[in-house]
Structure formats: C-alpha cells, structure tokens
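These notes are about the structure you will find just below.
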Amino acid sequence: MVDVVSFVFDLLTITGIFGILAISLNMEYGFTGLANFGKVAFFAIGAYTAGILSRFQGVPFPLDVVCGILLAGLAGFLVSIPALRLREDYLAITTIAFGEIVRLIILNEDWLTRGPMGIPGIPAPLRDVLAGREWLAFYTGLCFVVLAVVYWMCERVVNSPYGRVIKAIREDEVAAQALGKYTFKYKAQMFTLGSAIAGLAGGLYAHYRQFISPDMFVPMVTFLIWVMVILGGKGNNLGVILGAAVLEVLERGTAFIQNITTLPIEPYNLRMMIIGVLLVVLVLFRPQGLLKEKFIKTRALKVGEEKG
Amino acid sequence: MGINIAQVLFNSVVTGSLYVLAATGLTMTYKLLRFPNFAHAELVTVGAYAAYVVMLASNLNFPLALVAAFVASSLVAVASHLLAFKPLSKRGAGMIELMVASIGVGVFIRYVVQEIWGAAQRTYGIVRQIFDFGVVRATDVDLAMIGSAVAFVVILHLFLVKTKLGKAMRATSDNPSLAMASGINVDRILLIVWLIGGGVAGVAGAFYAAKTRLVPILGWEILLPIFAVVVLGGIGSFYGAIAAAYIMGLAENLGVVLLANLGLSTGYKPAIAFAILIAVLLLKPTGLAGLKVRRVG
C-alpha cells in the first residue's frame, strides 16, 4: 500500500525544487530570450557543492547551499562572457556542450566527486530532531518558503525598469542597443542570476535526496525544465511553477496507474513519449503556454489611466 | 608507451567516415530550415535498430541491414519534417521554437525505441573478421565503413554537380527565395534532403552499433561530435563537413592518446569534440567553409 501522506509531501517537495529551476530558466529564456540548454550543469554544480561540503568538510546546512549558489552563479558568469556574444542557436549548442562537460568532470574526478558511485549520506538538516513524516513536512515547507522568496525576488526584478530593459532585449536586441542599453551586461547579469538560482535548487535537492550521482544530472533534466517553462507559459513565473506541478503530477500519475492496473507500456517510457509529443504540440498550437505573460504595468501607466 | 602512429591514423579515418555519414544530413537541414535539429541523434538510433531487426531476420546479412537502416531513418526523417517541422515553419516559428520542438521529436522517438527494444544494451552478434596490414589492424566493419563513406561522398558529389536536381538543391541551400522564384519546387527539394540526410544518418547508426553496441541513447552519444563537425565544416557546407569529419576523427583519436599520456582519464574523450565545438563557435563561427570566401574589391 502506498503511503499517501509521504507520497504527497514528496510530490510537493520535488515540485518546489523544480519550480525554482523553472523560474531560473524563465528569467533567462522567458524574460531575456536566452536559450540556455545547459541548465542541468548549474543544478549539478549547486548539488555537488552542497553535497561535498556538507558530507566531507562538515560545513553546516544553509552555508553549504550558499556556497553552491555562489559557485553556480560564478560558473554562469564565466560561461556567459563568451557564450552570450554568440547567435541564439550557437548559444544553445554551447550550453548543451557545457552541461555535458560538467557531467564528464563529475564522472571522472573521483577524488572530488566519487565519480559514478555518487555521494551517499549527505546530511539532512534537522533529521536528528524530527521523525520521518515530520521531517518530510518540514522540508516540504522549507522548499516552498524558498520557492516563495525566489518568486517574490524574480517578480520584483521583472516588474522593474530593469525588467522592462531585459524584455526589450528579448523582443529586439538591436533596438535596445539603439536606445543606449549595453545589452551584453544585462544578459550576463540575467544568466548569472539564473545560474545562481539553479545552484540553490541543486543544494536543496542534494539535502533532500541525501544522495547524488552523475546520472541524476543528464541532459534530460534540462529538457524537462524546458517543458515546464513552455507548458506553464514563458514569461510568467506563476505559470512555470504550474508547469512544474503538472509535469510532476504526470510523472507520479504514470507511475501510480501502474500500481492499480497493468499498462501494456512501460510507464516511464509512456511519460517520456507524452512529454515529447507535448513539446511539439505546445510549440505548434499554444506557444504562450497555460498562463500568458502579463502586460507591463507601471505606476506611470496607472496615472495615465486615472487621467483618462 | 610506444604509439602506433599508423594505427592512430587509420582509426581516425574510420571515425571520420562515421562522422561524414552522420553529419551530412544535419548540416543540410540546419542550413535549409535554419535550426539545429536535435532529433538528428534519433535518426542515427532508428537506423541502428532497423538494422538490428533485419540482422536477426536475415541471418546476419549486414549489407541488407544497411539498406534497412537507410530506408527506416529516411522515412522517420520525412515523417518528422511533415508532422512537426514543416507545420512549424509555416506558422513562422522562430529558431528556438524549432529547436525545442526538435528536442520533443527526439525524446518521443528515443522512448518509442526504448519501449520496443528496452533500455538494455544489445549487439548485432557478428563475428568481426580482422585483417592485418603490416602495423595496421583493421576489421571488416572498419573497411566497409570507409568504403561506404567514400562511395557516398562520390555519389553525392556527382549528384550535386551533374544532375539538375542536385543543382536545384544547391541553389535552394544558397538562397531559398531566389530558388523558389526561379521555379524550383522547394518543398520537394526539402523532402529529398530529409530522405538522403536521414537515410545516411541511419547507415551511420548501423555502423556505429556494429562497432560498439545498441542502446537507445546511441544517437545522443555522437550528437555533439556531429554538431562539432557541422559547425567546424561550416553550416550547410557538404565539402566542409567532409574535411571537418576527418579532422574531428583525427582530433579524437590523437586526443585519446594524449589524454592517456598526460595521465588524464580517457573518459574525457567526448570533451575533445566539445572543446573544438566551442572554440570554433567563438573564433570562426563560419567554419572551414568560411575560409575560402572570396572577397571582391
């Protein structure tokens, strides 16, 4: 029999973590138009930094995650310097390649990452105080608090004058440059921010799973985050969280169906086929996703409306 | 450790021949439809598994299996064009959208393959015949691969240069609107490009599987080296891709020797292709084809 409470908490936690990842991609692609296909690399950097520091160096919980955020952000910044000067398709190929290089390093540098064996026994915060289900509830709550903070922060960014500049870059970079904006700086900042947020998600993930290995950080993870953003609605942070939730429910759903009936098809394969078709159908028929991007609202506009 | 240079060179030619077959279709569709087709990896995979089916049914008739690989992959390529990429282009989808859709197509095909044949690895079960040419040791699969690549290059070259259809293809690749204005049926040209490009990618998959093993992520394993070949050769350039394929073959095979001698893990072999890819994109994004552009004036 399935433990329903644990099942729900687990679903919520993973949704929270992937919601953070989806927002991080949304900041880069949804708002700034940067096609980062190497998202998983920054997620992995955050997870491995937190995992290695807490497991082998005894760094306490929030501090190791902060180190992961900083390192992922730094990696994002360094990648962005050459990569953002490239055409959009070249950026996509370069970031995919970067993701694979990071995975190769994790796989081959045994002295640091234990290679293919992965890192077991990553300490779970407050695990010695809280019992099984209580801990699960605590960690779910923690992930949602972090998600809420990330959401609030990113909404502040995109609804500011700064946010309007990055949207202008997405729509027409040359026009933004003609208005005197140094677009490279904005793009690099958004790429760094997105990478740092992905690192945060990685840290949370490592402490939740308490085990990380290279095969958790395959390119498919990047593609799943892309599906979440495109399904939920690019340029809408609430939408992409919804996208993450739908995708997680789809994952559990296909696994759950197998518990009650026998499918003629492997549920994991079925889920992936659905995701593949979903991507094509969405891009074809509903590129704006479930929730559309909101119109820009500023105080000046409101003043204009009041005056009629 | 003594290095057998002749063997390294021979292995480079083998690897390069694989990349010639695998990269031609990608470079042509990339140029014509203006997006990098990530589902190209799965065309390679489909060819490998189609060949597997025929190998089992025909008592290990490898030439027949290669034909099956060509047919299956070209059909899947045409289907993906008609069902996904063509409607998207008609709706004016941008490059990123097409890229994302191609990932969707690729994921779908990969998991259909995994559903049918499972994730566990398989082999063709052929016994490779080994030939010794002095210091160089070659298998019959190696020789067939080199022969197929050479034959393909010669045939496609003659097709592009001598036939009317081939000329129409080159015209379309250079300037689709002008080609259309000259009365060339661009839709038909596109279909032929998918047929040929997809088909040879499938043949490449069958050879790769014969040399290594069959897994559903087989195509993905060589996708990034293929992209490196396409970019190094110059997107859309068939001749550039040929040169780039052998350069990449040499770089990988020399690189492995170098990695071993430097005391680094040979697990970093894929990183060689990535490094070349990134370096070309940053330094000379037009690739080898961009080197011979004549400047007027």
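The values are calculated or read from the model by the stated rules, or taken from the named source; none is laboratory data. Computed from a predicted model, the values in this text were never measured in an experiment. All Cβ positions, glycine included, derive from the backbone under ideal geometry; neighbour counts span all protein chains shown.
The condition (being buried (at least 24 other Cβ atoms within 10 Å of the Cβ) and within 14 Å of another protein chain (Cβ to nearest Cβ)) is satisfied by just one residue among A:80, A:24: A:80. Here A:132, A:141, A:163 are screened, and the one residue that is loosely packed, with under 14 Cβ neighbours inside 10 Å, farther than 29 Å from residue B:227 by Cβ and more than 14 Å from chain B (Cβ to nearest Cβ) is A:132.
Quick check: is even one residue across segment A:94-101 within 25 Å of residue A:182 (Cβ to Cβ), assigned to a helix (DSSP H, G or I) and more than 14 Å from every other protein chain (Cβ to nearest Cβ)?
Scanning segment A:94-101, I find no residue that is within 25 Å of residue A:182 (Cβ to Cβ), assigned to a helix (DSSP H, G or I) and more than 14 Å from every other protein chain (Cβ to nearest Cβ), so the answer is no.
Of the helices (runs of 4 or more DSSP H) lying entirely inside segment A:153-236, those containing at least 1 residues that are modelled with pLDDT of 95 or more and touching a Cys at 6+ places or on another chain (Cβ under 7 Å) are A:183-209.
In the list A:34, A:86, which residue meets the criterion of being at pLDDT below 95 and surrounded by fewer than 21 Cβ atoms within 10 Å (Cβ to Cβ)?
Just a single option satisfies the conditions, and that option is A:86.
Of the residues in segment A:214-227, at least one is more than 14 Å from every other protein chain (Cβ to nearest Cβ) and either more than 14 Å from the chain's Cα centre (by Cα) or surrounded by fewer than 22 Cβ atoms within 10 Å (Cβ to Cβ) (or both). With the structure loaded, tell me whether residue B:259 is more than 13 Å from chain A (Cβ to nearest Cβ) and surrounded by fewer than 20 Cβ atoms within 10 Å (Cβ to Cβ) or whether it fails that test. The answer is no for residue B:259. In segment A:253-290, of all residues being surrounded by 18 or more Cβ atoms within 10 Å (Cβ to Cβ) and farther than 19 Å from residue B:100 by Cα, the one that is nearest to the other protein chains (Cβ to nearest Cβ) corresponds to A:269. Of the residues screened, residue B:291 is one that is away from chain A (no Cβ under 11 Å) and at pLDDT below 85. Scanning segment A:102-127 for residues that are facing chain B (nearest Cβ under 10 Å) and among the β-branched types (Val, Ile, Thr) yields a single hit, A:105. Selection over segment B:90-110 of residues that are more than 7 Å from chain A (Cβ to nearest Cβ) and either among the polar types (S, T, N, Q) or touching a residue at least 40 places away in the same chain (Cβ under 8 Å) (or both) gives a count of 5.
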